[in-house]
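Attaching a single structure in structure tokens format; questions to follow.
Just so you know, all these numbers are worked out from the coordinates, no wet-lab data involved. Just so it is clear, the structure is predicted and the values come from calculations on it, not from any experiment. Note that we place each Cβ from the backbone using ideal geometry, even for glycine, and neighbour counts take in every protein chain shown.
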Amino acid sequence: MKTELKLANALKYLMAKEPLDNISVKRLTDLCGIKRQTFYYHFRDIYDLLTWIFLNEDLSGNKPIEHWQEAVKTIIKYVENNKKFVQSTLSSAGSDLFKQFISSYLYACTLKIFAKADTKSIVTNDDKRLFVSYYVSGISSVIITWIEKGMKENDNYLISRLELLLDGFVNKA
């Protein structure tokens, strides 16, 4: 296993048990059975490793996303599978990394969906990016609030609430 992946898995493991701020490079390297200097060969600090994790997470699994609901379900599934890690990230100085992670994923998926629906090229590329940014901002905010409030509602309820606002937004635009 690659060193970066070992360190990433170790950080996720530790963050599932305690806050990010309590985790040291020494604990990570001890858990991985590597020297501290090896960590610094790959990363500047723990936040650099956390960034690497979010840049290398594969949410889609090469499955094409056809609707924004699928993108949201994919994020929800990721959050549910990594609940403690995500909550620990959101309660740390690295919270913006997770927010950017889901926003980037939603933006890429939604822009593709929007472009595919605009078969006659009625909407300019600048307007597509503007509309998608607007909707992604709202969706991301709802997901973050859902996580921060303890993920009490199930994913179908969350998506049904978003559908009230978003259903048909591509066609309307």
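Tell me, yes or no, whether the range 91-98 has at least one residue that is surrounded by 13 or more Cβ atoms within 10 Å (Cβ to Cβ) and under 17 Å from residue 7 (Cα atoms).
Within the range 91-98 (the criterion being surrounded by 13 or more Cβ atoms within 10 Å (Cβ to Cβ) and under 17 Å from residue 7 (Cα atoms)), the answer is yes, since at least one residue qualifies.
Hey, another quick one. Going by the structure shown, is residue 72 crowded, with 16+ Cβ neighbours inside 10 Å and outside any helix (DSSP H, G or I)?
No, not satisfied.
Which of the residues that make up the range 117-157 are free of Cβ contacts under 8 Å to residues at least 12 places away in the same chain and not in a loop (DSSP other than H, G, I, E, B)?
Hits for the range 117-157 are 125, 126, 130, 134, 141, 145, 156, 157.
Note down all Cβ pairs under 6 Å where the first residue falls in the range 76-105 and is without any contact (Cβ under 8 Å) to a residue 40 or more places away in the chain and assigned to a helix (DSSP H, G or I), the second is of a type in the set (Gly, Ala, Ser) and surrounded by 18 or more Cβ atoms within 10 Å (Cβ to Cβ), and they're at least six residues apart or on different chains.
103/140
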